[in-house]
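One structure is given below, encoded as structure tokens.
The values are calculated or read from the model by the stated rules, or taken from the named source; none is laboratory data. Everything numeric in this text was worked out from a predicted model, so none of it was measured. In this analysis, Cβ positions are derived from the backbone assuming ideal geometry, glycine residues included, and neighbour counts consider all displayed protein chains.
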Amino acid sequence: MSQLGFAIAARDGSARTGLIDLPRGRIRTPAFMPVGTQATVKTMYPEQVRALGADIVLGNTYHLMLRPGAERVARLGGLHAFMNWPHPILTDSGGFQVMSLSKLRKLDADGVTFRSHVDGSEHRLTPERSIAIQRLLDSDIAMQFDECVRLPAPREDVERAMRLSLAWAARSREAFGEPEGRALFGIVQGGDHVDLRLASAQGLAAIGFDGYAIGGLAVGEPQAVMLDMISACVPALPDGRPRYLMGVGTPDDILEAVARGIDMFDCVMPTRSGRHGLAFTQRGRVNLKNARHADDPRPLDEESECPAARDYSRAYLHHLIRAGEMLGAMLLTWNNLWYYQQLMAGARSAIAEGRYGDYVAATKAAWAAGDVPPAA
């Protein structure tokens, strides 16, 4: 297999902390990967993202194959040089976006034919083509091509997609080969059915991957269902390989998933929320669009070490968001990504010290206490 190394340094119940080693760098786990869909973490400089504590970012195969094109990125030196990020990059397979963004698509056993949401041009993705695109992008961790079904869905649809994804996993593995210093992750599907999740996990483990993702969650089901599916399929995955929960999620989702043995996360929530005026803080979410902030001279969080939270007044942030100024999105995204990285750093320390349960309880108690109102 590849040169991906994974060492678990400490456990606290099912929660674990460790290190993933790749030629381009080391990833501390549990890890949150900022989403760089179009070869950029929106509103952020790459060096800012790194300074916040991110060891790895995510790029999107579907978007990058459409614009600017994987072959063009390859000619320009690969995704790392293209976006000035010399550290590890994970690329998703494009499967989720084909299913969610393409209005016109035709699925068959070999792959998917679809029309671009950008210009209507026709394209085709197969497991082999998805892997080829990810190789052109030169990502450090690639994902198998899969089909993701939104929940709720009939069982027969979920099972069909799971079986197809398992067949595509084997083809993705064959197409990937043994590239030096690169890793390939399989993706567990099966919707909200425990038996299908277990069959998927066992099938992927039999094929053999560098790491294992759990996909098809946080797509419409309640949190309790998501957590039940994680708890059901994690024991079927190889213990000595990283586990990645795709597209999740809220800080609460992440803390609960870490407690169940998940090592890696990605989600657009901190960046998308920042662009829409929502800040994540140690006292929960703060909506800077609300009029109550218009005359509030206090910072977002005076105890924060992040300049975006500490050095700008709520009144100013409110003004920027209401006026549609780009700086508002930049500052709140900065704050949100800082908060997510601090959440992960705290989780790693707590697991190493055997106090993860206390860390989760204290974090949730602070959220429950809520934002501090301004002085009368």
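At a glance:
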| read-out | value |
| --- | --- |
| Count - residues of region 161-191 that are within 20 Å of the chain's Cα centre (by Cα) and either in a loop (DSSP other than H, G, I, E, B) or not assigned by TED's automatic domain parsing to the domain that holds SER93 (or both) | 4 |
| Candidate set: region 240-250, residues that are within 12 Å of the chain's Cα centre (by Cα) and not in a strand (DSSP E or B); chosen: the one farthest from GLY208 (Cα to Cα) | THR250 |
| Search result, residues across region 324-354 that are of a type in the set (S, T, N, Q) and touching a strand residue (DSSP E or B) at 6+ places or on another chain (Cβ under 7 Å) | ASN335, ASN336, GLN341 |
| Where a residue in region 23-36 is on the phi > 0 side of the Ramachandran plot and its partner, wherever it lies, is surrounded by 24 or more Cβ atoms within 10 Å (Cβ to Cβ) and modelled with pLDDT of 95 or more, with Cβ under 7 Å and at least six apart | GLY25/PRO88 |
| Some residue of region 94-102 being more than 19 Å from the chain's Cα centre (by Cα) and of a type outside the set (S, T, N, Q) | no |
| Evaluation of VAL158 against (1) part of a helix (DSSP H, G or I); (2) within 20 Å of the chain's Cα centre (by Cα) (one fails), failing number | (2) |
| Residue identified as closer than 26 Å to ALA10 by Cα and either touching a residue at least 12 places away in the same chain (Cβ under 8 Å) or outside the structural domain of ASP55 (by TED's automatic domain parsing) (or both) among VAL372, VAL360 | VAL360 |
| Region 274-299 residues that are on the phi < 0 side of the Ramachandran plot and assigned to a helix (DSSP H, G or I), paired with ones that are among the aromatic types (Phe, Trp, Tyr) and surrounded by 15 or more Cβ atoms within 10 Å (Cβ to Cβ) (beta carbon under 9 Å, 6 or more apart) | GLY274/PHE280; GLY274/TRP334 |
| Elements of type strands (runs of 3 or more DSSP E) contained in region 1-72, each with 1 or more residues being in the same structural domain as GLN134 (by TED's automatic domain parsing), crowded, with 23+ Cβ neighbours inside 10 Å and β-branched (Val, Ile, Thr) | 15-22, 25-29, 57-59 |
| Selection within region 248-272 - surrounded by fewer than 20 Cβ atoms within 10 Å (Cβ to Cβ) and among the hydroxyl-bearing types (Ser, Thr, Tyr) | THR250 |
| Selection status of PRO238, more than 30 Å from TYR312 (Cβ to Cβ) and crowded, with 24+ Cβ neighbours inside 10 Å | no |
| Pairs where the first residue, in region 138-161, is within 14 Å of GLU221 (Cβ to Cβ) and at pLDDT 95 or above and the second is among the charged types (D, E, K, R) and assigned to a loop (DSSP other than H, G, I, E, B), C-beta under 8 Å, 6+ apart | VAL158/ASP192 |
| Selection count where residues are modelled with pLDDT of 85 or more, of a type outside the set (Asp, Glu) and surrounded by fewer than 21 Cβ atoms within 10 Å (Cβ to Cβ), scope region 93-110 | 4 |
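Here is a yes/no grid of residues against (1) assigned to a helix (DSSP H, G or I); (2) surrounded by 18 or more Cβ atoms within 10 Å (Cβ to Cβ); (3) of a type in the set (Lys, Arg):
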site: ASP301; (1), (2), (3): no, yes, no
site: ILE321; (1), (2), (3): yes, yes, no
site: LEU332; (1), (2), (3): yes, yes, no
site: SER349; (1), (2), (3): yes, no, no
site: TYR359; (1), (2), (3): yes, yes, no
